[in-house]
Amino acid sequence: MNVVLVEDAESLARLCAQIGAVERVALDTEFHNERSYSARLMVVQLVVGDEVAIVDPLRVKELGPLAEALASKTVVGHALSSDLKIFADRFNRLPQAAFDTQLAAAFCGYGMAISLADLVSDVVGLRLRKAHTVSDWSQRPLTPQQIDYLVNDVAHLFPLQDRLMARLAGTGRLPWFEEDSQPLVDLERYRPEPERLYLRIPGAMRMSRRELGVLRELAILRDELARERDVPLKYIVPEDVMAALVSLRPATRDDLSQLRRLDAGTRKAFGDRIVAAVQRGLSLDEEELPRKPVRPPGAERETIVSCLSVLVGTIAAENELPAGLLTPRSALERVARELPGSPQEVARALDGSHWRAELVAGPLHELLAGEVALTIGDGKGGAPRVQRVGLRSIGRSE
């Protein structure tokens, strides 16, 4: 493949024109996210036709045209969520469709987190050298070895996509994969949810509804400030100070001086907005207050979750799929709390896709209803495996 470096607006314009003439583009990014709210792009690698383009965001400051060019295309990449989140955060634009080779591999029985190097080795038959996974991508110029690494990250994605697509079609799982791929290009997937902003702050589980109302307003404000300044949340207000602000309930900026970990610079820059957020939370009507978070399952429900997990693992093994692909533990905890009374109610509690509802909801309902039991019997080659046994059939045989 021909390799080109894109280091100015003119070469970026040529690249965007090339993208306009193809249907799919291979994509990968290198970024740093230790000291910013949104990951900072260091390199963007693309395959367009038979050419590999290495885009340098440190020299091409305006990448909006690239995001615009990709908006009507299918991008192919490995573990695409982090790459696409950058486009959502930085440009508010996403491609029309995405083919994630790691997700496709999961549907082909490779597990949830196979590396690109291992997948290329097994599917394409080529061994990649991965010597620069922790490179400092902010350094310039890029070395020949780094460029080789960047090229290898995208050069084999099209053959990988074609072969995985054939396998998915052969197993009948292509519609499942396509359904799970759609959220990858949904902007809402990458937007912060207010509830998730405050519920993950230490101490939230012990707070009253009023205190949670204050914490929610503070968390929303902290996220806005961090986004405005492109710094990590902790650089605005540290985690432990968030709970302290809820307890303090400051009415003026001067009240904030009681918190020694809230420095003078922060009090001066954000103090009035912090106080206003606290007062908004305190003035919420009762019906506007957030509900107290549901505590983790107790001993009884934890046992139910464990049983449900075993059944999901059994179904996954029967279909040669990773259990984590079928349903997350949080969904099983929701089922254990609500104890749905029908397969349809189980499906709603799982909040999953149609194929997951068809594959998992019925068996989970049968287990909850006491219609099946889980036993250990001989599998292939005499190896022990968990099996489902219908209790009605047992009763008839006796």
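So that you can scan it fast, the table gives a plain yes or no per residue for (1) out of contact with any strand residue (DSSP E or B) (no Cβ under 6 Å at 6 or more places or on another chain); (2) polar (S, T, N, Q); (3) part of a helix (DSSP H, G or I):
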site: Gln139; (1), (2), (3): yes, yes, no
site: Leu142; (1), (2), (3): yes, no, no
site: Val151; (1), (2), (3): no, no, yes
site: Leu164; (1), (2), (3): yes, no, yes
site: Pro175; (1), (2), (3): yes, no, yes
site: Glu178; (1), (2), (3): yes, no, yes
site: Ile220; (1), (2), (3): yes, no, yes
site: Asp223; (1), (2), (3): yes, no, yes
site: Glu228; (1), (2), (3): yes, no, yes
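For region 310-340, a residue qualifies if it is of a type in the set (Gly, Ala, Ser) and surrounded by fewer than 15 Cβ atoms within 10 Å (Cβ to Cβ), and the qualifying residues are Ala317, Ser330.
Filtering region 68-115 to residues that are without any contact (Cβ under 8 Å) to a residue 40 or more places away in the chain, over 17 Å from Leu168 (Cβ atoms) and not hydroxyl-bearing (Ser, Thr, Tyr) leaves Ala71, Ala79, Phe87, Phe91, Arg93, Ala113.
Note on region 222-234: residues that are out of contact with any Lys or Arg (no Cβ under 6 Å at 6 or more places or on another chain), surrounded by 16 or more Cβ atoms within 10 Å (Cβ to Cβ) and of a type outside the set (Gly, Ala, Ser) total 3.
Among residues that are of a type outside the set (Asp, Glu), loosely packed, with under 15 Cβ neighbours inside 10 Å and either within 17 Å of the chain's Cα centre (by Cα) or at pLDDT 95 or above (or both), Ala113 is included. Only one of the numbered conditions (1) closer than 18 Å to Val241 by Cα; (2) surrounded by fewer than 19 Cβ atoms within 10 Å (Cβ to Cβ) is not met by Pro175, and that is (1). Looking at this structure, is Leu128 assigned to a loop (DSSP other than H, G, I, E, B), buried (at least 17 other Cβ atoms within 10 Å of the Cβ) and of a type outside the set (Gly, Ala, Ser)? It is true that Leu128 is assigned to a loop (DSSP other than H, G, I, E, B), buried (at least 17 other Cβ atoms within 10 Å of the Cβ) and of a type outside the set (Gly, Ala, Ser). In this structure, Asp254 does satisfy being free of Cβ contacts under 8 Å to residues at least 60 places away in the same chain, exposed (fewer than 13 other Cβ atoms within 10 Å of the Cβ) and charged (D, E, K, R). Only one entry in Ala155, Ala204 is among the aliphatic types (A, V, I, L, M) and either surrounded by fewer than 19 Cβ atoms within 10 Å (Cβ to Cβ) or in the same structural domain as Ser81 (by TED's automatic domain parsing) (or both), namely Ala155. Based on this model, can you work out whether Glu68 counts as at pLDDT 95 or above, surrounded by fewer than 20 Cβ atoms within 10 Å (Cβ to Cβ) and more than 26 Å from the chain's Cα centre (by Cα)? For Glu68, the condition - at pLDDT 95 or above, surrounded by fewer than 20 Cβ atoms within 10 Å (Cβ to Cβ) and more than 26 Å from the chain's Cα centre (by Cα) - is not met.
Within region 273-322, restricting attention to residues that are farther than 14 Å from Glu217 by Cβ and acidic (Asp, Glu), the residue that is modelled with the lowest pLDDT is Glu300.
Considering only residues in region 1-58 that are of a type in the set (Lys, Arg) and at pLDDT below 95, the one that is nearest to the chain's Cα centre (by Cα) turns out to be Arg40.
The values are calculated or read from the model by the stated rules, or taken from the named source; none is laboratory data. These numbers were taken from a predicted model, which means no experiment stands behind them. Glycine gets a Cβ as well: all are built from the backbone with ideal geometry, and neighbour counts include every protein chain shown.
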